[in-house]
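J.: One structure, as structure tokens, below. Some questions next.
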Amino acid sequence: MAIMALKEQLDAFVKSMLAEGTLDQQFQQLQMLEDGSGFVAEVIKMFCDDSERMLNELTILLEQPVVDFPKVDGYVHQLKGSSSSIGAQKVTMACVQFRHFCDENNKEGCSRALSVVKHEFYQLQSKFHTMSQMENRILAYEGRTVNGM
């Protein structure tokens, strides 16, 4: 009975992220690929690790006196693609805005856009962490190994 309540809680949490636009149907597609091996958790972990690396690179690039806008745009394009692939809708949309400022070679606009992307990413990362904790409790209840994110 308790395990069903945990699964319902996790399902409700994911549905709330879909309803608020944090995630989109692409994330639901990803979830359908889960086979009990922790595939989705691994994809989320890779996404978060790669995104953090790209955000750090973008921060460094935008702190330079002369900004290499094509390089910035390349990182933003990559971040947008990975966000879209995992269904991180708010991060994806923030990247779309960021790319507009790159196209205009607007350093100040890019800096503001980076702040928005970081905000959306770190909120999502926190929610993914909460999801991971819920999943780990379910796995522990089922007596299976606990994966880490």
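J.: Against the definition (buried (at least 17 other Cβ atoms within 10 Å of the Cβ), within 21 Å of H119 (Cβ to Cβ) and not aliphatic (A, V, I, L, M)), how does F69 come out, yes or no? Before you say what the answer is, go through the steps one by one.
T.: Working: buried (at least 17 other Cβ atoms within 10 Å of the Cβ): yes; within 21 Å of H119 (Cβ to Cβ): no; not aliphatic (A, V, I, L, M): yes.
For F69, the condition - buried (at least 17 other Cβ atoms within 10 Å of the Cβ), within 21 Å of H119 (Cβ to Cβ) and not aliphatic (A, V, I, L, M) - is not met.
J.: For a quick check of your reading of the model, give me the residue pairs whose first member lies in the stretch 113-136 and is without any contact (Cβ under 8 Å) to a residue 60 or more places away in the chain, whose second is aromatic (F, W, Y), with beta-carbon atoms closer than 8 Å and at least 6 apart or on different chains.
T.: Note: pairs meeting the criteria are A113/F98; A113/F101; L114/F98; V116/F98.
J.: Which one of these does A19 not meet: (1) farther than 14 Å from E120 by Cα; (2) in contact (Cβ under 8 Å) with a residue 60 or more places away in the chain; (3) of a type in the set (A, V, I, L, M)?
T.: Condition not satisfied by A19: (2).
J.: State whether the residues of the stretch 96-117 include one that is of a type in the set (G, A, S) and surrounded by 17 or more Cβ atoms within 10 Å (Cβ to Cβ).
T.: Checked against the condition, which is being of a type in the set (G, A, S) and surrounded by 17 or more Cβ atoms within 10 Å (Cβ to Cβ), the stretch 96-117 yields at least one hit.
J.: Where residues in the stretch 1-24 are of a type in the set (S, T, N, Q) and modelled with pLDDT of 95 or more, which of them is surrounded by the most Cβ atoms within 10 Å (Cβ to Cβ)?
T.: T22
J.: Sort through L30, L79, L61, L18 and tell me the only one that's over 23 Å from I138 (Cα atoms) and either of a type in the set (F, W, Y) or within 15 Å of the chain's Cα centre (by Cα) (or both).
T.: L79
J.: Take the residues in the stretch 1-56 that are of a type in the set (V, I, T) and out of contact with any Phe, Trp or Tyr (no Cβ under 8 Å at 6 or more places or on another chain); name whichever of them is nearest to E135 (Cα to Cα).
T.: The initial filter retains those residues of the stretch 1-56 that are of a type in the set (V, I, T), namely 3, 14, 22, 40, 43-44.
Those left that are additionally out of contact with any Phe, Trp or Tyr (no Cβ under 8 Å at 6 or more places or on another chain): 22, 40, 43.
Numbers: T22: 19, V40: 11, V43: 14 Å.
Across the stretch 1-56, the extreme among qualifying residues is V40.
J.: Could you tell me which of the residues L58, L62, L79 is crowded, with 19+ Cβ neighbours inside 10 Å, touching a helix residue (DSSP H, G or I) at 6+ places or on another chain (Cβ under 6 Å), without any contact (Cβ under 8 Å) to a residue 60 or more places away in the chain and over 16 Å from Q123 (Cα atoms)? Give the steps one after another, and end with the answer.
T.: Details: L62 fails: crowded, with 19+ Cβ neighbours inside 10 Å; L79 fails: over 16 Å from Q123 (Cα atoms).
Matching residue, one of L58, L62, L79: L58.
J.: Tell me, please, whether a residue that is modelled with pLDDT under 95 and touching an Asp or Glu at 6+ places or on another chain (Cβ under 7 Å) can be found in the stretch 25-42.
T.: Yes, the stretch 25-42 contains a residue that is modelled with pLDDT under 95 and touching an Asp or Glu at 6+ places or on another chain (Cβ under 7 Å).
The values are calculated or read from the model by the stated rules, or taken from the named source; none is laboratory data. Just so we're clear, the structure is a prediction, and the values are computed from it rather than from any experiment. All Cβ positions, glycine included, derive from the backbone under ideal geometry; neighbour counts span all protein chains shown.
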